[in-house]
Amino acid sequence: MPVTQVGYLALRTAHLDEWCTLLLDVVGAQLRDEGEDGTLYFRFDDRHHRLSLRPADEEGVDAMGFEVATAAELEALSARLAAGGVAVTEAAPEDCALRGVDRMIRFADPDGWPLEVYVHSLIDESGFHAARGVKGFNMGRLGLGHLVWCCPNVHASAKFYQDVLGFKLSDYIRWDGADATFLHCNPRHHSLALMNECFGMKSGVLHHIMIEVADLDDVGRAYDIVQQRKVPLVMTLGRHSNDHMTSFYFKTPSGFAIEYGWGGLLIDDETWDVKSYGSPKIWGHDLVTEAQP
Ligand SMILES: [Fe+2]
């Protein structure tokens, strides 16, 4: 399986201060040194960073970073992409240094999302210190969490991630005109979920990213903080049908949501069978406000 995790997300934003407050006071990430261009880097575990925010005049995704285990995997993927007619560039050493990786390639997925696939992420042994007293984040080999967005042709896009990047099918949820495909690349139930254009949501904009904490109480404490600070709630506390995540969703300054959760299911490929669900929730998760701008 070539891709082993979603390693990082590089964002640009016109709302750096609001983002910083949200990530420190609500999420509990750790702010590390600022980049020369004012980019802020946030760590959640032993990696140099998992999220970066570059000051800009607009909201957007600069890159989704996917990890492969070896340089040979990176080269094989690069050749497979080129053979499929995908334009691939090898990143310059200074760009690799900004991401905290040894080598990486850049290309776009079929819908134009900017992807980076890298090898060897920089580990920071200085110890992770949560800005808020969260016990820790469920990242490590499971990666940043999961990313969810809408696609003009969800099945063609999912096929790219399966056939080219090596993701495996977890399951489907179809409800009220929504058609969602869940994909995994390590035991985390899904690292990507791709949806059709539904409920007025647009392609080309993230719907949400999921960040998982190690203790259910930290979800509850964040739920209190979000409501005390009047951060826009997107979905109330609830539990998902397929990955069993207990979570809630709140809006970021870029418009998309953060799902803040605990207790996600882990997949064993030896015994997993693909299922189809008719609802995304077991309980809760009532929509409060739309997640997109
Ligand atoms: Fe999610």
Look at Asp102 and say whether it is in contact with a Lys or Arg (Cβ under 9 Å, 6 or more places away or on another chain), outside the structural domain of Glu197 (by TED's automatic domain parsing) and of a type in the set (Asp, Glu). no
For Gly133, are the conditions met, namely being out of contact with any strand residue (DSSP E or B) (no Cβ under 6 Å at 6 or more places or on another chain), modelled with pLDDT of 95 or more and not acidic (Asp, Glu)? no
If we keep only residues of segment 243-261 that are within 13 Å of the ligand (Cβ to nearest atom) and closer than 17 Å to Glu58 by Cα, then the residue surrounded by the most Cβ atoms within 10 Å (Cβ to Cβ) is Ala257
Out of all the residues in segment 269-289, is one or more under 19 Å from the mean Cα position of the chain (by Cα), more than 22 Å from Val26 (Cβ to Cβ), away from the ligand (no atom under 13 Å from the Cβ) and charged (D, E, K, R)? no
For segment 184-197: of the residues being farther than 18 Å from Gly263 by Cα and within 15 Å of the ligand (Cβ to nearest atom), which is surrounded by the most Cβ atoms within 10 Å (Cβ to Cβ)? Leu194
Could you list, in sequence order, all residues of segment 74-118 that are assigned to a helix (DSSP H, G or I), among the aliphatic types (A, V, I, L, M) and within 24 Å of Cys151 (Cα to Cα)? Leu77, Leu81, Ala82, Ala83
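The values are calculated or read from the model by the stated rules, or taken from the named source; none is laboratory data. Here the structure is a predicted model, which means the values were calculated and not measured. With ideal geometry, Cβ positions are generated from the backbone for all residues, glycine too; neighbour counts draw on all protein chains shown.
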